[in-house]
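**Q** Below you will find the structure I want to go over with you.
The values are calculated or read from the model by the stated rules, or taken from the named source; none is laboratory data. Keep in mind it's a predicted model, so treat the numbers as computed, not measured. Glycine also receives a Cβ, built like all others from the backbone with ideal geometry; neighbour counts cover every protein chain displayed. These accessible areas exclude ligands, DNA and RNA; they are computed on the full protein's heavy atoms, side chains included. Shrake-Rupley method; radii C 1.70, N 1.55, O 1.52, S 1.80 Å.
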Amino acid sequence: MIPNPLSVVDLSFNKSDRKRDSFMLKGALAKQGFDMWRHCFVGKSRSTGRKRSFILEYYCVNPQLREDEPVFAKKDAAPSYMSIRALVLGEDGSTLIRYFPWDEVSTGEEMDLLVSAGDCFLSETRTMGKIEVSAADHENDPDEYPDVGRLIWDLKIDKRIAFNIGYGTSGPLRTTDIMNAYWHTEGMKACYSGELSWNGEVYDVEPDSSYGIADKIWGRNPGDRWGFVNCSDLTSRKKGKLTDGAFAFGRGMRIQVGPIDTENEVIGGVYLDGDTYEFNFSKVWTLTQSKVQVKQNNNKILFTIIEETPTTRIRIRVLAKKPDMRLTVFETPSGERRKVLTGGNGKAELILERKKISLKNKWEWERVDELTGDNVYISYMDRKNK
């Protein structure tokens, strides 16, 4: 029997749960399912002092359909492989991808292991690996936008703040397969340390200036549109630079039960030096209402998000320059090819409000704080991406 979620009171979304971060492609998802861990962080060039955002994506799809070589989506075949995609963001950035057949991949919990293949390794506390791509490697590559080059990295990961959706991604709800896709952010704020080398240029990654994010999505179908905005580099108008400030908002974790369809709902939270503000439609008793709008042209993309409960409201604007972002191809478990626009240099403005009784004995919105965010991570998939 599925327990009643109302019997448990969630006082904070900052609850680490590594089970939700583990390898999920078992049972029915092994034949039609995807699992992707995402790591976003900032490094500083050792030679020039320039800062640059990087993203590493470990993507797994359909292990039960394995063959001796990676299988890419075709009209008569669904994909089956593990890939590691490195996104070097900003001006003159790059996209490097490495593919592995499932016979070369290991998954499990030994030594905190999440997934590894060849000389690439990912755990809760460390990621290391190498991607080296030449022009000849692109002959069968399904991604239309990869580059040639070399990236080597060795990074420690310290996940400080979690965004745990709660019952919506718990074991009972995962086993019902009620959602097309699930999202868990074990590192709403994650501190990375170590170094990486991109085409010979060495970047140092320091914990206090890495402004990291570590999350994952998984399921049987990501849908044809999603949007994620995450940031751990926040400045408060009242308090200045926050030691522990972060936000995470996502759309696309779709539930379909009869007439209920949550495709356009946004779920997320804000952490401000210990104070938490959650907007979570899966906790139905919070009466959360969402509005999201995405506008884009050839040069910019703008997210506008408004989240409201009976007592709290937040308004968010995230603006990113498209030349600083990377467009990549995502193969779904069923074999569809979707385009994803990804960046790590966005700028955010946040207005946080709460409801209070006024001198006129009326409920009115009171401004709690105004914040700005830098190094905002963005991932956006939509039919309109070109």
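**Q** Suppose R0 equals 45 Å; then what is the FRET efficiency for LYS26 and LYS362 from their Cβ-Cβ distance, rounded to the nearest 0.05?
**A** 0.25
**Q** Roll a 1.4 Å probe over the protein heavy atoms and report the accessible area of VAL202 in Å², nearest 10.
**A** Accessible surface of VAL202 is approximately 40 Å².
**Q** I've got another one for you. Let's test the formula: R0 of 25 Å, r as the Cβ-Cβ distance of SER123 and GLU206. What FRET efficiency results, to the nearest 0.05? Don't skip to the answer; put the middle values down first.
**A** Numbers: r = 20 Å, r/R0 = 0.82.
The calculated FRET efficiency here is 0.75.
**Q** Another question, if that's okay. Once the Cβ-Cβ distance between LYS238 and ASN199 is put in as r, and R0 is 45 Å, what FRET efficiency do you end up with, to the nearest 0.05?
**A** Working: r = 43 Å, r/R0 = 0.95.
Plugging the Cβ-Cβ distance into 1/(1 + (r/R0)^6) gives 0.60.
**Q** Any idea of the accessible area per residue across the chain, 1.4 Å probe, to the nearest Å²? Don't skip to the end; give the middle numbers.
**A** Numbers: 17600 Å² over 386 residues.
It amounts to 46 Å² per residue over the chain.
**Q** May I ask you to derive the relative contact order of the stretch 67-123, considering only C-alpha pairs under 8 Å and at least 6 residues apart, and to give it as an integer percent?
**A** Numbers: 86 pairs, mean separation 14.5, N = 57.
Rounded, it is 26 percent for the stretch 67-123.
**Q** Taking a ≥ b ≥ c as the square roots of the Cα gyration tensor eigenvalues, with a/c under 1.5 meaning rounded and otherwise prolate when a/b beats b/c, else oblate, which class fits the stretch 20-116? Could the numbers behind the result be given before it?
**A** Details: a/c = 2.73, a/b = 1.76, b/c = 1.55.
Because a/c hits 1.5 or more and a/b exceeds b/c, the stretch 20-116 counts as prolate.
**Q** Moving to a separate point now. Tell me, what is the percent relative contact order of the chain, built from C-alpha pairs under 8 Å that lie six or more residues apart? Let's see the in-between values first.
**A** On the way: 1047 pairs, mean separation 59.1, N = 386.
Relative contact order here is 15 percent.
**Q** Short version: what are the Cα gyration tensor semi-axes of the chain, square root of 5 times each eigenvalue, largest first, in whole Å? Display every interim value, and only then the final one.
**A** Values: eigenvalues 214, 127, 74 Å².
Gyration-tensor ellipsoid for the chain: 33, 25, 19 Å.
**Q** Quick one: grab the alpha carbon gyration tensor of the stretch 203-245, order the square roots of its eigenvalues as a ≥ b ≥ c, and give me rounded if a/c is under 1.5, else prolate or oblate depending on whether a/b is larger than b/c. Before the final figure, lay out each step's value.
**A** Values: a/c = 3.70, a/b = 1.82, b/c = 2.03.
Judged from the Cα gyration tensor, the stretch 203-245 comes out oblate (a/c at least 1.5, b/c at or above a/b).
**Q** Could you work out [θ]222 nm for the chain from helices alone, using -39500 (n - 2.57) per DSSP H run of at least four and dividing by all its residues? Round to the nearest 500 deg cm²/dmol. Walk me through the numbers before you get to the answer.
**A** Working: 1 runs with 6 residues, N = 386.
So the calculated ellipticity at 222 nm is -500 deg cm²/dmol.
**Q** Probe radius 1.4 Å, ligands and nucleic acids ignored: give me the carbon and sulfur share of the accessible area of the chain as a rounded percent.
**A** Values: 8440 of 17600 Å².
The computed percentage sits at 48.
**Q** Further, regarding this structure: Would you kindly state how much longer the chain becomes between ASN297 and ALA136 on full extension, computed as 0.36 nm times their sequence separation minus their alpha carbon distance, in nm to one decimal? Please report the intermediate quantities before stating the final value.
**A** Working: separation 161, 0.36 × 161 = 57.96 nm, distance 3.35 nm.
The ASN297-ALA136 span can extend by a further 54.6 nm.
**Q** How high is the relative contact order of the stretch 277-386, given as a whole-number percent (alpha carbon pairs under 8 Å, six or more residues apart)? It would help to have the intermediate numbers written out before the result.
**A** Working: 233 pairs, mean separation 22.1, N = 110.
Relative contact order, the stretch 277-386: 20 percent.
**Q** Let me ask something additional. How about LYS321: which lysines have a C-alpha closer than 27 Å to its C-alpha, ignoring those fewer than 8 places off in the same chain?
**A** Candidates past the 8-residue exclusion: LYS44, LYS51, LYS189, LYS216, LYS241, LYS291, LYS295, LYS300, LYS339, LYS347, LYS384, LYS386.
**Q** For the stretch 337-380 and the stretch 180-202, what is the separation of their C-alpha centers, rounded to whole Å?
**A** The two parts, judged by their Cα centres, are 23 Å apart.
**Q** With the dipole of the chain worked out from charges on the C-beta (+1 for Lys and Arg, -1 for Asp and Glu) around the Cα centre, which of TRP365, GLY269, GLY118 lies farthest toward the positive end?
**A** Checked the options; the winner is TRP365.
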